[in-house]
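Student: What follows is a single structure, and I will ask about it in a moment.
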Amino acid sequence: MKFERYGIGILKGMTVTIRHLFRHPTVNQYPEQRLNVSRRLRGNELIWNRERCTGCATCAKACPQGAIELVTATNLKDNKYDVTTYRVDTGYCIQCGLCVEACPYNALFMGYSYERAKYRRGDVVQTNDELLESAERPASGYYHPEIAEKLPRQTLLVERITEKRKRK
């Protein structure tokens, strides 16, 4: 039997802790600094293109959770469907991307946002104009390689810290 002194394990643990205590921090200060996420990120939101949408409801049929509700009206003048209501309940959405892949007209995109937490259940449901692409809601390159080429390269926190150290 090997006899060990009590407290050696604690001392080893404390040396690791003290060594990391005086090291340069490698964490991101989240609200102030945001990283560029992956180009193909499937965020917590769906982005809808009203001009491309024909109201075929393929996306609603492809959704395994039934989170997409589509209401159309017939336009007899142009002989097509007009989308009156497009509603996505992001509380039920599992961000699988099947609706984006199923859309034959490329009218749906996954977004970058992953900050969709709300205090009220009703605020999680997005309708018509809330689903449109904007500067705050850019489309990701998921299932759309032509968009992915235009997006910024993903940055990692480790790269940022090494860049700061090289400047000093």
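Student: With θ set to phi - 60° and the Karplus curve 6.51 cos²θ - 1.76 cosθ + 1.60, what are the ³J(HN,Hα) couplings of segment 126-139 in order, to the nearest whole Hz, using x for Gly and Pro?
Tutor: My calculation for segment 126-139 gives 9, 10, 3, 5, 6, 8, 6, 6, 8, 5, 7, 10, x, 7 Hz in order.
Student: Another question about this same structure. Efficiency by 1/(1 + (r/R0)^6): what FRET value for CYS96 and ASN49, r their Cβ-Cβ distance, R0 = 22 Å, to the nearest 0.05? Intermediate values should be presented prior to the final figure.
Tutor: On the way: r = 20 Å, r/R0 = 0.89.
E between CYS96 and ASN49, to the nearest 0.05, is 0.65.
Student: Okay, moving on. How far, in nm, would the chain grow between GLU133 and MET14 when pulled straight, counting 0.36 nm per residue and subtracting the alpha carbon separation?
Tutor: In short, 37.7 nm is gained.
Student: Tell me whether segment 42-146 comes out rounded, prolate or oblate; compute the Cα gyration tensor, take square roots of the eigenvalues as a ≥ b ≥ c, and use a/c under 1.5 as the rounded threshold.
Tutor: prolate
Student: Could you list which residues have their amide H under 5 Å from that of ALA107, counting only those 5 or more apart in sequence or on another chain, with H placed in the peptide plane?
Tutor: Under 5 Å from the amide H of ALA107: no residue qualifies.
Every number here is computed from the coordinates shown, using simple stated rules; none is lab data. Quantities reported herein were computed from a predicted structural model and do not represent experimental measurements. Every residue, glycine among them, receives a Cβ derived from its backbone with ideal geometry; neighbour counts consider all protein chains shown.
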